[in-house]
């Protein structure tokens, strides 16, 4: 029972961290119509930024400034937001596809930097000893996980409220208007572009924050955490939840993560050892197919606003 | 400094260029960037492998042609693989892309291609596992050709094949009625219908050609390097970068840009280190987007 | 006289429930030039686009030589004998002049295409001289001629043009209309939508005035031009036109 509680808190924390990323994506795609296939990259930038800022000094690595966790989170948002802003500035005056291609490239390059810039990122082994909040109660798993869940839930709620507020603000109305009417957006030219860059950067910053929150939650990060599969998962979460709805983004994250973890546990229990890797591949096939089916039959998602996006 | 990188770059660039032709045609005619294009490449390579194995099982081992690492079954299998990849692309279009195309909203189609890419790639991992496989285990001796450059017979043969494919494509696009219709459709889809061009036929031709060339590129990677489910994903960024650098819709542009990227990658491997190779395409992509987004041979967007 | 094109009570529009063409009936007899006039927003352009299969048709029918061709997909219209020249973007700018003709000749038997292209060049010597240039480099008047040649190459029964004089200098307008007159003398039926009422009525045999999505007046071109009420109501100020 205790284990179950503890696991429940752990599960929910992970799911809500996905929820934060999905909220960031919803700002970019749901509200503004900007396509991002490099989510894993922006998420990783946040995680590494915060890790480098907050870890204690190590001999063979740049960074290790030992700063407070809050500073790490701010740094994560700033750096991921900056990366997103540059991506936006480079592509948002061009056709939508160029943004998609460039974000894909961002994720590739971030992956390379994580693997190869060992002096900064620790290479394939990543960064360890990332300070965890409430490390003092680590030996009491229920309490520890519960406290962490409160932090993650608090951040999720704060981002949720902030985005709800933003999307109802004049700023959010402009973004929606730009998304609905491509021609108006083009004729507005520079100012429309600047709105979109702002939205893309803000979404990137939210993803970066999610990366930082997760890094401090786990205490250890490595390039393997940030594979393209993560980007797929987040897209599936947003599409299931219904793009355009912040509530849907969070619910979709919990549902998809539950399906993912559940099917993972089922294959681990039922599939013989040498077929596990193949079963895991099939799990991803399922997500891909699901994404396509949603696009075909229910583009508004399951929890989204009634009015479809298409 | 060794000049070997020039040859390596040309070979690498040929594969990128062949793939980029499909990307650029898909973009110019079907109006979306197909994230599943790399996976067509991988599927083509595996389909060819399956056919080669099938032929070997039925007809027994065949002797290699001259100094090459492969014999006639490879050539038959390659043609079969290209046809199968074409059918796969048509099936994807029928199941997914055509339905979304009817609703407009190009970016939704991009997203669908992204989902399809993930499913296709993981399906390969499911079927063949993620460990690499090879068409042939034979080791080829590289011959010195002067200036410190060494080349294997396979490399020469595949460069010649690439050249033939590119020339053939160029002639097809400029001389054949279907090629002209494809160019016309990419310039003005509405007018194309008015002059009697059957759009469905153009769409089919685009998928068949793009997929067949992706398969050819995949086979080249398979012969010269190895076959892996992720091989297409790794080529995706260089192919996109080549299509954009060359100018969307331009086949000579895509090929030339592919060579430029291939050479830059090879130079990077030699000068900086192999681990940074994958960043080259991104650097070139960013440079093009900032300096000349229409690419080398592109025309300004209407 | 044989009735070539017969449009009966046509209803068409881009969105369901929002018809732009509201029950228009027009016809064209063999060898006739029929002019469609009307104020902006009367649905002239939508009417011929609907006939050409480019605007969804929701009611009525179109007969060509007595055969219904209503809502035939646009790319099959030329095969039925109905050629259409849009108002703008009516050539492929990145194909050469010759390729523009060849691409349109795709529906003819393959072996006959080169000879047919040469016939077109015989009719339009200006184009022949520029056959290897990209069509995008032609002047406005030459583009219009290329668009007409491109439509004629398939031996249509009816040639429909949407404002062929739009954006042309008076000299070219005269040239284009003179050309259309010649083409008609060769036996072709022409349906013409025009803002430039004077030039169009000068070569036209019969004209319709369209208002609010259907025909409001019909008559011989000459009488229509001289009818003071129609001139006042639909053709704008006579001094201005």
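So for segment B:36-48 (the condition being surrounded by fewer than 20 Cβ atoms within 10 Å (Cβ to Cβ), in contact with a helix residue (DSSP H, G or I) (Cβ under 6 Å, 6 or more places away or on another chain) and either over 23 Å from residue A:97 (Cα atoms) or at pLDDT below 90 (or both)), does at least one residue qualify?
Within segment B:36-48, not a single residue is surrounded by fewer than 20 Cβ atoms within 10 Å (Cβ to Cβ), in contact with a helix residue (DSSP H, G or I) (Cβ under 6 Å, 6 or more places away or on another chain) and either over 23 Å from residue A:97 (Cα atoms) or at pLDDT below 90 (or both).
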Check your understanding: Before we move on, is residue B:47 in a helix (DSSP H, G or I), away from every other protein chain (no Cβ under 14 Å) and within 30 Å of residue A:232 (Cβ to Cβ)?
Key -> yes
Exercise for review: Answer yes if at least one residue in segment A:195-212 is in contact with a strand residue (DSSP E or B) (Cβ under 9 Å, 6 or more places away or on another chain) and buried (at least 16 other Cβ atoms within 10 Å of the Cβ), and no otherwise.
Suggested key: yes
Check your understanding: Which condition number does residue C:118 fail, the rest of (1) within 14 Å of chain B (Cβ to nearest Cβ); (2) surrounded by fewer than 15 Cβ atoms within 10 Å (Cβ to Cβ); (3) assigned to a helix (DSSP H, G or I); (4) touching a helix residue (DSSP H, G or I) at 6+ places or on another chain (Cβ under 9 Å) being met?
Key -> (1)
Study note, to complete from the structure: Picked from segment C:160-198 (must be within 26 Å of residue C:2 (Cα to Cα) and out of contact with any strand residue (DSSP E or B) (no Cβ under 8 Å at 6 or more places or on another chain)), the residue surrounded by the most Cβ atoms within 10 Å (Cβ to Cβ) is C:177
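Residue-wise test of (1) buried (at least 18 other Cβ atoms within 10 Å of the Cβ); (2) more than 30 Å from residue A:284 (Cα to Cα); (3) modelled with pLDDT of 85 or more.
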| residue | (1), (2), (3) |
| --- | --- |
| B:125 | yes, no, yes |
| B:131 | no, no, yes |
| B:137 | no, yes, no |
| B:144 | no, yes, no |
| B:148 | no, yes, no |
| B:152 | yes, yes, yes |
| B:155 | yes, yes, yes |
| B:166 | yes, yes, yes |
| B:169 | yes, yes, yes |
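Conditions (1) crowded, with 22+ Cβ neighbours inside 10 Å; (2) free of Cβ contacts under 8 Å to residues at least 12 places away in the same chain; (3) farther than 28 Å from residue B:116 by Cα; (4) more than 10 Å from every other protein chain (Cβ to nearest Cβ), marked per residue:
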site	(1), (2), (3), (4)
B:234	no, no, no, no
B:249	yes, no, no, no
B:252	no, no, yes, yes
B:262	yes, no, no, yes
B:286	no, yes, no, no
Study note, to complete from the structure: Taking segment B:58-86 and keeping only residues that are without any contact (Cβ under 8 Å) to a residue 24 or more places away in the chain and either in contact with a helix residue (DSSP H, G or I) (Cβ under 8 Å, 6 or more places away or on another chain) or not in a loop (DSSP other than H, G, I, E, B) (or both), one is left with B:58, B:59, B:62, B:65, B:72, B:73, B:75, B:79
Study note, to complete from the structure: Here the residues within segment C:86-100 that are more than 8 Å from chain B (Cβ to nearest Cβ) and touching a strand residue (DSSP E or B) at 6+ places or on another chain (Cβ under 7 Å) are C:87, C:96
Point to revise | Residues being within 19 Å of residue A:99 (Cβ to Cβ) and assigned to a helix (DSSP H, G or I) - total across segment B:101-117 | key: 11
Point to revise | Members of segment B:125-147 found to be facing chain A (nearest Cβ under 9 Å) and in contact with a helix residue (DSSP H, G or I) (Cβ under 6 Å, 6 or more places away or on another chain), listed by number | key: B:125, B:126
Revision key, fill the gap. Of the residues in segment A:273-310, those that are part of a loop (DSSP other than H, G, I, E, B) and either at pLDDT 85 or above or facing another protein chain (nearest Cβ under 10 Å) (or both) come to A:299, A:309, A:310
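The values are calculated or read from the model by the stated rules, or taken from the named source; none is laboratory data. The structure displayed is predicted, hence computed values, not measured ones. Quick reminder, even Gly has a Cβ in these numbers, built from the backbone with ideal geometry, and neighbours come from all protein chains shown.
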